[in-house]
Amino acid sequence: VLAPEIVEVATGSVSSNSFSVSTSSAMSRHKGRLYIAQITYTKNKATVLDVSGLNISWSLMETSSSLGNEVNQEIWFGISEEDNLDDLINASFSDKVDEASITVHSIENANSQTPFLSSYASSSTAKSKNITSDFSRGSNDSLILAFSAFQKVNATLTYTVNTSSYSAVDVDNKLFSNCDSIDDITDNDVVSDFANISQKADWSLIIVEVN
């Protein structure tokens, strides 16, 4: 059985009041592929109303918000049942957001019946330099994706675990989001200290285990 792997990534962002955010380039639809959308935004009362694109059904999987909702993150997913379509992916919000980004990953070889083994969400309760978790891996054959976001001008991120980077979006040095795979943990290992930020910031972390 082939392990799941990321084969395509599309990103987009908005840096002023907006009700939506879209990828800046189209993605290709392939039958059986898993699509995971990471949407990050800054707004106290906004939520993602829906995600659309590729004529597939999108579902909310996980959410994470820092104290005061300064940094919000939602993970949506869909599985294609058809081929032959290129399309932008769009997320719509319930209210105008100050800054937002969207990153969509197309994944081959995921289990279409049970695409996820587990998920984990954490966030800051006060401005902090340390991104922490107590995520535990369930299978050595899974793909571990860590979606993180933080809000801070000119801050940088340093990982304390071995990772491979797939995407990063910087919205005017105000909202930074990225996705990385965690490479060096085995079955039942726990990721506790995930990363460090160069300056104290509000942050959000969501980890998903792709089956």
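Count the net charge of all other residues whose Cβ sits under 14 Å from the Cβ of ASN55, scoring Lys and Arg as +1 and Asp and Glu as -1.
Computed value for this residue: -3.
In percent, how large is the relative contact order of the stretch 1-146, given Cα pairs closer than 8 Å and 6 or more residues apart?
Across the stretch 1-146, relative contact order equals 36 percent.
Taking the Cβ-Cβ separation of ASN17 and ASN173 as r and a Förster radius of 22 Å, what is the calculated FRET efficiency to the nearest 0.05?
0.80
Taking only pairs that are 8 or more places apart or on different chains, how many Lys pairs in the chain have Cα atoms under 28 angstrom apart?
Lysine pair count for the chain: 25.
Given 0.36 nm per residue, what is the gain on full extension from SER24 to ASN90 after removing their alpha carbon distance, in nm?
Answer, rounded to one decimal: 22.8 nm.
According to the square roots a ≥ b ≥ c of the eigenvalues of the Cα gyration tensor, what is the shape class of the stretch 47-153, taking rounded for a/c under 1.5, prolate for a/b larger than b/c otherwise, and oblate for the remainder?
Oblate is the answer for the stretch 47-153, as a/c is 1.5 or above yet b/c matches or exceeds a/b.
Which of SER52, VAL208, ASN130 sits farthest toward the positive end of the charge dipole of the chain, with +1 on the Cβ of Lys and Arg and -1 on the Cβ of Asp and Glu?
Towards the positive end, the residue furthest out is ASN130.
Can you give the accessible area of LYS31, probe radius 1.4 Å, in Å² rounded to 10?
We get 140 Å² for LYS31.
Measure out, as a whole number of angstrom, how far apart the alpha-carbon centroids of the stretch 153-183 and the stretch 32-47 sit.
Result: 16 Å between the Cα centres.
The values are calculated or read from the model by the stated rules, or taken from the named source; none is laboratory data. Worth saying up front: this structure is predicted, and the values here are computed from it rather than measured. We place every Cβ from the backbone using ideal geometry, glycine too, and count neighbours over all the protein chains shown. Areas reflect the complete protein model, heavy atoms only, side chains present, ligands, DNA and RNA absent. Shrake-Rupley method; radii C 1.70, N 1.55, O 1.52, S 1.80 Å.
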